[in-house]
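**Student:** One structure, as structure tokens, below. Some questions next.
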Amino acid sequence: MTVTGTTSGEDGGRGGDDAGQGAEPGAGRGGGAAWGLLLPVSSAPPRQRGRALQARLREAVRSGRLAPGARLPSSRELAADLGVSRGLVTEAYEQLTAEGYLTSSRGSGTWVGSAVRDAPVGAPPAGERPAVPAVDFRPGSPDPALFPRTAWAAAHRRALAGLPHHALGYPDPRGLPELRSAVAALLTRRRGVAADPGRVVICSGVAQAMTLLALTLNERGRRTVAVEAPGSFEHAALFAAAGLRTAPVGMDAEGLLPGELAASGARAAVLTPSHQFPSGIAYSAARRSALLAWARDVDGLLVEDDYDGDFRYDRAPVGALQGLDPRRVAYTGSVSKSLAPGLRLGWLVAPDALAGEIVERKRTMDLGHPVLDQALLADFIARGEYDRQLRRCGRAYRQRRDALLRALAEHIGDTEVTGIAAGLHVIAALPRRCGPQERLLTRAARAGVAVRPLSDYLPPRPSSSPPSPPGSDGGEGDGRVRLVLGYAHLTPNRIAHGVRLLAEAARSP
């Protein structure tokens with residue numbers, strides 16, 4: 001039998017079960033180009049042979065081994081060759097005909113349909129794949145090894161056992177009431193946020209919170225959002241995806257520059273005031289007041305990204321800006337740095353004037369966040385496990401920060417380090433002998449050390465923008481290479497090894 005040969009036209013009806021009878025599948029027949037794909041069907045467990053045959057036939061059609069227009073054997077003939085029941089083959093033919101892989105005509109046979117096209121296989125990238133760095137100092141990652149697996153598993157069991165059946169329906173788009181209450185109490189206690197559970201929206205991390213805000217602002221006719229420079233380039237990408245333009249605004253030692261913000265024409269601005277990313281400064285009280293005054297004057301909005309405000313090593317964390325004026329500040333945060341980014345759990349505390357629109361956007365976007373995940377986090381917070389996790393991470397990250405400072409002093413020396421009081425990264429201004437920057441970055445990559453310079457966080461400024469005050473560009477131009485070094489995800493030994501490799505790269509010819 002060949003796949004393209006003439007058939008008897010018997011491809012309908014169910015016959016008796018002849019599985020296991022007859023000669024070896026394919027014996028005494030010519031076998032077509034796709035025949036090898038079908039032979040394993042006879043060795044599959046009896047209950048799985050139908051699905052196996054359908055899967056093998058689909059793959060043969062998709063791959064082109066069964067070409068469009070090829071005529072298939074009758075159900076009786078194929079069943080005999082495979083050693084399976086005729087009814088099983090008939091059912092497979094009928095299923096694939098319904099799906100469009102095959103076509104059939106009573107009394108005339110079954111053919112491969114013409115609608116199927118093979119999925120294109122992406123060509124491998126040209127050249128060699130980039131090597132995985134030996135040590136990666138790029139910022140933004142916590143240590144996933146610190147994730148509290150045992151406590152999280154216990155909370156999962158409790159949440160699943162205690163969740164009523166009706167709670168498994170479509171959830172409130174704002175989030176599970178228990179979690180919103182737990183988050184509101186947590187933020188009020190730890191961050192000084194004025195958080196009413198009714199204005200808390202549970203999100204898939206800060207990224208979704210920013211997207212919800214951006215879509216709402218766009219709907220209201222806002223077209224420009226000011227962002228910090230230097231600052232996170234992810235903010236610009238998120239707002240651009242929602243149709244908004246971002247205007248970079250310079251910084252000084254106290255925070256975002258109010259004069260430049262006013263000149264930008266924006267009526268919304270994204271800030272990281274408790275621990276600015278990447279400079280590491282905390283906005284001064286005077287600058288906070290000035291920015292709130294700007295928001296009131298222009299009927300504007302400040303969006304507070306509490307990036308890693310829970311981690312401070314010299315004193316208690318600086319309170320959130322939102323607590324000073326909840327009507328003018330939208331507050332966002334997540335568990336990405338305290339637990340794990342992969343959980344995709346965060347929150348948005350929305351101003352009253354925007355809350356209704358944001359909740360409706362959330363409803364149409366995804367019909368609400370997964371209920372079990374929310375119940376789990378609510379239990380985790382309520383039992384004090386989240387506070388314990390923050391203390392555990394804080395101790396570990398402080399030790400790693402200290403290990404980085406020691407390694408820089410020992411292996412490089414004469415390095416100015418700023419932003420050490422909080423967060424998960426520092427800015428290291430290396431001595432002039434380590435530059436110029438491009439040469440150092442090339443040598444570091446060759447040595448297997450991944451680093452990111454501060455200049456990566458400075459977007460190109462429009463030619464019409466006024467010049468930035470001295471120091472607002474991160475202090476570049478003095479011959480020093482400034483690197484933003486993340487350390488939270490690295491053990492002290494890896495940190496020391498990485499700095500040693502970086503020092504050797506800086507000295508290499």
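The values are calculated or read from the model by the stated rules, or taken from the named source; none is laboratory data. This structure is a prediction, so every number in the text was calculated from the model and none was measured. All Cβ positions, even for glycine, are placed from backbone atoms using ideal geometry, and neighbour counts span all protein chains on display. Protein only, heavy atoms only, side chains kept; ligands, DNA and RNA dropped before computing areas. Shrake-Rupley method; radii C 1.70, N 1.55, O 1.52, S 1.80 Å.
**Student:** I need every pair where a residue in the stretch 89-104 that is assigned to a loop (DSSP other than H, G, I, E, B) has its Cβ under 9 Å from the Cβ of a residue that is crowded, with 17+ Cβ neighbours inside 10 Å and among the charged types (D, E, K, R), sequence separation at least 6 or different chains.
**Tutor:** Qualifying pairs under 9 Å: TYR101/ARG58.
**Student:** Starting from residues that are of a type in the set (Gly, Ala, Ser) and open to solvent by less than 70 Å² (accessible area, probe 1.4 Å), keep the ones in the stretch 79-103 and report whichever is farthest from LEU38 (Cα to Cα).
**Tutor:** Filtering the stretch 79-103 for residues that are of a type in the set (Gly, Ala, Ser) and open to solvent by less than 70 Å² (accessible area, probe 1.4 Å), the one farthest from LEU38 (Cα to Cα) comes out as GLY100.
**Student:** Return the residues of the stretch 181-198 that are part of a helix (DSSP H, G or I) and either of a type in the set (Gly, Ala, Ser) or at positive phi (or both); say none if nothing qualifies.
**Tutor:** So the first thing to find is which residues in the stretch 181-198 are part of a helix (DSSP H, G or I), and the list is 181-191, 197-198.
Selection gives SER181, ALA182, ALA184, ALA185, GLY198.
**Student:** Also, I was wondering about something else. Going through GLY356, GLY333, GLY300, GLY323 one at a time, which residue ends up being at pLDDT 95 or above, surrounded by fewer than 18 Cβ atoms within 10 Å (Cβ to Cβ) and in contact with a Phe, Trp or Tyr (Cβ under 9 Å, 6 or more places away or on another chain)?
**Tutor:** GLY323
**Student:** Can we say ALA247 is more than 24 Å from LEU324 (Cα to Cα), open to solvent by less than 30 Å² (accessible area, probe 1.4 Å), within 19 Å of the chain's Cα centre (by Cα) and among the aliphatic types (A, V, I, L, M)?
**Tutor:** no
**Student:** When the residues of the stretch 166-180 are filtered to those that are part of a helix (DSSP H, G or I) and at pLDDT 95 or above, which remaining residue is most open to solvent (accessible area, probe 1.4 Å)?
**Tutor:** Of everything passing the filter in the stretch 166-180, GLU178 is most open to solvent (accessible area, probe 1.4 Å).
**Student:** Hey, another quick one. Residues of the stretch 214-260 being in contact with an Asp or Glu (Cβ under 9 Å, 6 or more places away or on another chain) and in a loop (DSSP other than H, G, I, E, B), which ones?
**Tutor:** Across the stretch 214-260, the qualifying residues are ARG220, PRO230, SER232.
**Student:** To continue, here is another question. Could you list, in sequence order, all residues of the stretch 337-346 that are closer than 18 Å to HIS275 by Cβ and open to solvent by 10 Å² or more (accessible area, probe 1.4 Å)?
**Tutor:** Result: LYS337, PRO341.
**Student:** Any residue in the stretch 250-272 that is of a type in the set (A, V, I, L, M), in contact (Cβ under 8 Å) with a residue 40 or more places away in the chain and surrounded by fewer than 17 Cβ atoms within 10 Å (Cβ to Cβ)? Step through it out loud before you land on a result.
**Tutor:** Let us first name the residues in the stretch 250-272 that are of a type in the set (A, V, I, L, M), namely 251, 253, 256-257, 261-263, 266, 268-271.
Subsequent filtering for residues that are in contact (Cβ under 8 Å) with a residue 40 or more places away in the chain retains 251, 253, 257, 263, 266, 268-271.
Within this subset, residues satisfying the condition of being surrounded by fewer than 17 Cβ atoms within 10 Å (Cβ to Cβ) are 253, 263.
Yes, some residue in the stretch 250-272 is of a type in the set (A, V, I, L, M), in contact (Cβ under 8 Å) with a residue 40 or more places away in the chain and surrounded by fewer than 17 Cβ atoms within 10 Å (Cβ to Cβ).
So that you can scan it fast, the table gives a plain yes or no per residue for (1) more than 16 Å from PRO459 (Cα to Cα); (2) at pLDDT 95 or above:
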residue: PRO248; (1), (2): no, yes
residue: GLY255; (1), (2): yes, yes
residue: PRO258; (1), (2): yes, yes
residue: LEU261; (1), (2): no, yes
residue: ALA266; (1), (2): yes, yes
residue: LEU271; (1), (2): no, yes
residue: SER274; (1), (2): yes, no
residue: GLY280; (1), (2): yes, no
residue: ARG288; (1), (2): yes, yes
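**Student:** Which condition number in (1) at pLDDT 95 or above; (2) part of a loop (DSSP other than H, G, I, E, B); (3) open to solvent by 20 Å² or more (accessible area, probe 1.4 Å) is the one that LEU441 fails?
**Tutor:** In the conditions (1) at pLDDT 95 or above; (2) part of a loop (DSSP other than H, G, I, E, B); (3) open to solvent by 20 Å² or more (accessible area, probe 1.4 Å), LEU441 misses (2) alone.
**Student:** Sort through TYR313, TYR283, TYR307 and tell me the only one that's open to solvent by 30 Å² or more (accessible area, probe 1.4 Å), of a type in the set (Phe, Trp, Tyr) and either out of contact with any Asp or Glu (no Cβ under 9 Å at 6 or more places or on another chain) or more than 14 Å from GLY140 (Cα to Cα) (or both). Please lay out each step first, then the result.
**Tutor:** Details: TYR313 fails: open to solvent by 30 Å² or more (accessible area, probe 1.4 Å); TYR283 fails: open to solvent by 30 Å² or more (accessible area, probe 1.4 Å).
Criteria check complete, one pass: TYR307.
**Student:** For the stretch 412-433, how many residues meet the condition of being under 18 Å from ILE495 (Cβ atoms), more than 33 Å from the chain's Cα centre (by Cα) and in contact (Cβ under 8 Å) with a residue 60 or more places away in the chain?
**Tutor:** 1
**Student:** List the residue pairs whose Cβ atoms are under 7 Å apart, where the first residue sits in the stretch 327-349 and is part of a loop (DSSP other than H, G, I, E, B), the second is polar (S, T, N, Q) and buried (at least 24 other Cβ atoms within 10 Å of the Cβ), and the two are 6 or more positions apart or on different chains.
**Tutor:** As it stands, the answer is LEU345/SER334, since those pairs meet every condition given.
**Student:** Can you confirm whether PRO68 is out of contact with any Lys or Arg (no Cβ under 9 Å at 6 or more places or on another chain), of a type outside the set (D, E, K, R) and either open to solvent by 50 Å² or more (accessible area, probe 1.4 Å) or at pLDDT 65 or above (or both)?
**Tutor:** It is true that PRO68 is out of contact with any Lys or Arg (no Cβ under 9 Å at 6 or more places or on another chain), of a type outside the set (D, E, K, R) and either open to solvent by 50 Å² or more (accessible area, probe 1.4 Å) or at pLDDT 65 or above (or both).
**Student:** If we scan the stretch 387-409, do we find a residue that is in contact with a Ser or Thr (Cβ under 9 Å, 6 or more places away or on another chain), farther than 30 Å from LEU160 by Cβ and of a type in the set (Ser, Thr, Tyr)?
**Tutor:** Checking the stretch 387-409: not a single residue is in contact with a Ser or Thr (Cβ under 9 Å, 6 or more places away or on another chain), farther than 30 Å from LEU160 by Cβ and of a type in the set (Ser, Thr, Tyr).
**Student:** Continuing with this model, one more query. Output the number of the condition that ALA145 fails; it satisfies all remaining conditions of (1) assigned to a strand (DSSP E or B); (2) open to solvent by 50 Å² or more (accessible area, probe 1.4 Å); (3) at pLDDT 90 or above.
**Tutor:** Just one mismatch for ALA145, condition (1).
**Student:** Answer yes or no: is there a residue in the stretch 210-229 that is closer than 17 Å to LEU343 by Cβ and either surrounded by 24 or more Cβ atoms within 10 Å (Cβ to Cβ) or touching a residue at least 12 places away in the same chain (Cβ under 8 Å) (or both).
**Tutor:** Pass one, the stretch 210-229, residues closer than 17 Å to LEU343 by Cβ: none.
No, the stretch 210-229 contains no residue that is closer than 17 Å to LEU343 by Cβ and either surrounded by 24 or more Cβ atoms within 10 Å (Cβ to Cβ) or touching a residue at least 12 places away in the same chain (Cβ under 8 Å) (or both).
**Student:** Scanning the stretch 355-383 for residues that are touching a strand residue (DSSP E or B) at 6+ places or on another chain (Cβ under 7 Å) and in a helix (DSSP H, G or I), which turns out farthest from ASP305 (Cα to Cα)?
**Tutor:** Here the answer is GLN374.
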